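Chemist: Structure provided below as structure tokens; questions to follow.
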Amino acid sequence: MTEHDPVVVAGMAVEAPGGVRTLGDYWAALAEARDLTGPFPRDRGWKLGELLRLGERAGWGNVADAGGFLDDAGDFDAAFFGITPREAVAMDPQQRVGLRVAWRALENAGIDPAGLAGAEVGVYMGASHTDYGPHAAEVNEYTGYRATGAAYGAIPGRISHALGLTGPSIHTDTACASSLTAVHLAANAIRAGECELALAGAVCVLGSPAGFYEFSKANALTPDGRCMPYSAEANGTLWGEGAGVLVLERESRARAEGHRVYGRVLATRVNHNGAGAPIAVPSSAAQERLIRKTVAAAGIPAEYVGMIEGHGTGTAVGDPLELEALTAVYGTAGSAEDGPLLGSVKSNAGHAQAAAGMLGLIKVLLSGVHGAIAPTRYADNPTPDVDWDATGLRLAAKLSPWTPIDGVRYAAVSSFGVAGTNAHAIVAMPALEEDPRG
């Protein structure tokens, strides 16, 4: 059964590739099915010549000059947050970007971030290792700042410290499932009374192109710079960056404080593939178990779910296994005319790794606000791995009106980590006015 007083999303903020800095920017890009990817940044000191020639090596795949990169990942108003310039440079940019996005999420909720000092507000942030900065085991001008500058616990810790928050401050790294894991932990902390208000989010800024090397060697990168989830033309994933933060609290508190309710977090669940296949190989059976448990915990019929934001990375192994699990649970819930619409924001912005699930969840919440399901790119030629005529599941090929059920729109979000952790969330969005604060 669903809660009488559920945890809700009362505010949010996002940064995405293609110059996206506001919710309004993000929705416009999604609604227009815009490509937010671009060439590799030229200001990070990466060995681009070597990187772009990896495909010449025997057994390696081609690396396209493309990805979903934040335009201003290096920009940061250190003085605004009371941080010295030298310390700011020593900080992983994921700390900087996460901090400024968290600030804007609170403002979006109508909360003065500067007025929270001393409050037991929780902070839960997902992020993974991205190879930023000078080594700590050498003498350089940043020595003394690297202990905190390189610590992943400092990603939520910077937010808590800058705002004076005294609640739980926790970093989570379940690889590409990190975003939804952070939401899971934050929502459970609110339900358990550990805090009344929490920030839940994730960030990914690439300190190096290491992921491109790894997936080139694994031949899992798209050679043409296009991430095409669930498409017959899918030929690999494309790495990206991004950040998103949600403000979570009980619905009764949000209503009492005059905060907007973007959506109710009906249920979140996390599991692992277990043993058997190699650690990086997804498990359709584990994903199906997870999805079924999340639907049961949400207390709604599976057919209520009208939008599914899938993990959808465009890989030959992952997408078919995910589709198998989704069709087993949601594909039998509707007909070809009214079944749920499936998509992946990775088709717009690339795979933002730890932040990917957050970009997808915010996409879902904005779709709920606008009463329309954002399209997924490359949906005109669906993969033959699914018998689409035999399932109610469909790809969201165009911007589609989203009819609520008794005034509420229901959606599901999936994220699966490379080390075997799976996460799924179901949210319910009351029909709202059309103009989100941006």
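The values are calculated or read from the model by the stated rules, or taken from the named source; none is laboratory data. The structure presented is a predicted model; accordingly, all values stated were derived computationally and were not measured. All Cβ positions, even for glycine, are placed from backbone atoms using ideal geometry, and neighbour counts span all protein chains on display. Heavy atoms of the whole protein, side chains included, go into the accessibility calculation; ligands, DNA and RNA do not. Shrake-Rupley method; radii C 1.70, N 1.55, O 1.52, S 1.80 Å.
Chemist: For segment 125-221, which fully contained helices (runs of 4 or more DSSP H) count at least 3 residues that are more than 27 Å from residue 45 (Cα to Cα) and open to solvent by less than 40 Å² (accessible area, probe 1.4 Å)?
Modeler: 154-163, 178-191
Chemist: Among the residues in segment 17-30, are any free of Cβ contacts under 8 Å to residues at least 60 places away in the same chain, of a type in the set (D, E, K, R) and open to solvent by 10 Å² or more (accessible area, probe 1.4 Å)?
Modeler: Scanning segment 17-30, I find at least one residue that is free of Cβ contacts under 8 Å to residues at least 60 places away in the same chain, of a type in the set (D, E, K, R) and open to solvent by 10 Å² or more (accessible area, probe 1.4 Å), so the answer is yes.
The rows are residues; the columns are (1) of a type outside the set (S, T, N, Q); (2) without any contact (Cβ under 8 Å) to a residue 60 or more places away in the chain; (3) under 28 Å from residue 193 (Cβ atoms).
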residue	(1), (2), (3)
233	yes, no, no
238	yes, no, no
248	yes, no, yes
251	yes, no, yes
254	yes, no, yes
258	yes, no, yes
263	yes, no, yes
268	no, no, yes
275	yes, yes, no
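Chemist: Continuing with this model, one more query. Hey, among the residues in segment 351-408 that are assigned to a helix (DSSP H, G or I) and polar (S, T, N, Q), which one's most open to solvent (accessible area, probe 1.4 Å)?
Modeler: Looking at residues that are assigned to a helix (DSSP H, G or I) and polar (S, T, N, Q), I get 353.
Chemist: May I ask you to list the residues in segment 116-175 that are at pLDDT 95 or above and either among the basic types (Lys, Arg) or in contact with a His (Cβ under 7 Å, 6 or more places away or on another chain) (or both)?
Modeler: Across segment 116-175, the qualifying residues are 125, 127, 153, 155, 156, 158.
Chemist: Counting only residues that are modelled with pLDDT of 95 or more, farther than 19 Å from residue 428 by Cα and either touching a helix residue (DSSP H, G or I) at 6+ places or on another chain (Cβ under 6 Å) or not small (Gly, Ala, Ser) (or both), how many does segment 316-345 have?
Modeler: 10
Chemist: Moving on. Testing residue 102 on (1) closer than 23 Å to residue 14 by Cα; (2) modelled with pLDDT under 95, one condition comes back false. Which one is that?
Modeler: With respect to (1) closer than 23 Å to residue 14 by Cα; (2) modelled with pLDDT under 95, residue 102 is out only on (2).
Chemist: Looking at 34, 42, 96 in this structure, which one is closer than 30 Å to residue 372 by Cβ, open to solvent by 10 Å² or more (accessible area, probe 1.4 Å) and in contact with a helix residue (DSSP H, G or I) (Cβ under 9 Å, 6 or more places away or on another chain)?
Modeler: Among 34, 42, 96, only 34 is closer than 30 Å to residue 372 by Cβ, open to solvent by 10 Å² or more (accessible area, probe 1.4 Å) and in contact with a helix residue (DSSP H, G or I) (Cβ under 9 Å, 6 or more places away or on another chain).
Chemist: Follow-up. Quick check on segment 289-300. Is at least one of its residues under 20 Å from the mean Cα position of the chain (by Cα) and either open to solvent by 60 Å² or more (accessible area, probe 1.4 Å) or within 20 Å of residue 371 (Cα to Cα) (or both)?
Modeler: No; the residues of segment 289-300 include none that is under 20 Å from the mean Cα position of the chain (by Cα) and either open to solvent by 60 Å² or more (accessible area, probe 1.4 Å) or within 20 Å of residue 371 (Cα to Cα) (or both).
Chemist: Of the conditions (1) basic (Lys, Arg); (2) assigned to a strand (DSSP E or B); (3) surrounded by fewer than 16 Cβ atoms within 10 Å (Cβ to Cβ), residue 264 clears all except one; give me its number.
Modeler: All conditions are met except number (3).
Chemist: Could you grab me the full set of residues in segment 226-250 that are in a loop (DSSP other than H, G, I, E, B), open to solvent by 10 Å² or more (accessible area, probe 1.4 Å) and in contact with a strand residue (DSSP E or B) (Cβ under 8 Å, 6 or more places away or on another chain)?
Modeler: 232 - this is the single residue of segment 226-250 that is in a loop (DSSP other than H, G, I, E, B), open to solvent by 10 Å² or more (accessible area, probe 1.4 Å) and in contact with a strand residue (DSSP E or B) (Cβ under 8 Å, 6 or more places away or on another chain).
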